[in-house]
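Written out below as structure tokens is the structure these notes cover.
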Amino acid sequence: PLIDYRKGTITLEGYLSELKKIPLSNRPQFRTVKEFSDELGVWIRDKLLLEEAYRKNMNHRDAVKKEVKEFKEKQSYYYFYNREFSNVEIPPGIQDYFEKGKKTNRLAARYHTLQEWIAWQAEQNLHQRLLRYPADIVVDSSLVRQEARQIDWSNRIRMIVVPKLQ
């Protein structure tokens, strides 16, 4: 095992397979042994806390449901990013660079893995798509003032992003 902890053990293979389940944009990143050790400790801590929360049925509490709902609303960017990520087309030159070792592509040379290149390309595609939306926005000031009077400004304000349908 890579690690022995209170609830059992984890192998390196087990840890890496668990990492694959996490969306690329949310995966821990580490470049040194210390960073790896810290991220592994955080992962095990979070895993134990999650197991304990489920054991105590905390996932059914209203405060937890509210927090989960707010978290989901914040994830709209990641939703569209992940959709772009799964639709990236890999040019043959990039494919050759990473799979066949043809080290002639200067663009691909900036990235260590094909997955890292795809992540960069997905981000570029998403930003280009967002820039294509019209910049002119018409605001009804009287309606904004009316809505502002109804908001309890002493509490946290949730922001919601709604994609414009074409």
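The values are calculated or read from the model by the stated rules, or taken from the named source; none is laboratory data. As the structure is a computational prediction, the values presented were derived from the model and not from experiment. Here the Cβ positions follow ideal geometry from the backbone for every residue, glycine too, while neighbour counts run over all protein chains shown. Keep in mind that these areas ignore ligands, DNA and RNA; they rest on the heavy atoms of the full protein, side chains included. Shrake-Rupley method; radii C 1.70, N 1.55, O 1.52, S 1.80 Å.
May I ask you to give the percent of accessible area on the chain that is carbon plus sulfur, with a probe radius of 1.4 Å?
The nonpolar share, carbon plus sulfur, comes to 55 percent.
Could you order 90, 118 by accessible surface area, starting with the largest, using a probe radius of 1.4 Å?
Largest accessible area first, the list is 90, 118.
For region 57-107 and region 1-45, what is the separation of their Cα centres, given in Å?
19
Find the accessible area per residue for the chain; the probe is 1.4 Å, ligands and nucleic acids are left out, and the unit is Å².
82
Provide 97, 133 ordered by accessible surface of protein heavy atoms (probe 1.4 Å), highest first.
The residues order as 133, 97, largest area first.
Residues with beta-carbon under 11 Å from that of residue 119, excluding residue 119: net charge, scoring Lys, Arg +1 and Asp, Glu -1?
Its environment carries a net charge of -2.
Determine, for each peptide in 27-35, 9-17, the mean count of other beta carbons within 10 angstrom over its residues, then list the peptides with the highest first.
9-17, 27-35
Just reorder 46, 62 by solvent-accessible area, largest first, 1.4 Å probe, all chains present.
Putting 46, 62 in descending order of accessible area: 62, 46.
Using unit Cβ charges (K, R positive; D, E negative) and no other charged atoms, how large, in debye to the nearest 20, is the dipole of the chain about its Cα centre?
Dipole size: approximately 120 debye.
Given a Förster distance of 30 angstrom, what is the FRET efficiency for residue 100 paired with residue 4, based on the Cβ-Cβ distance and rounded to 0.05?
It comes to 0.15.
Is there a quick way to get the dipole size of region 1-78? I mean about its Cα centre, with the Cβ of Lys and Arg at +1 and of Asp and Glu at -1; what is the value in debye to the nearest 20?
I would put it at about 240 debye.
In the chain, if every C-alpha pair distance is counted and binned at 10 Å from zero, what percent goes to each bin?
Bins of 10 Å from zero give 7, 21, 28, 24, 14, 5, 0 percent of pairs.
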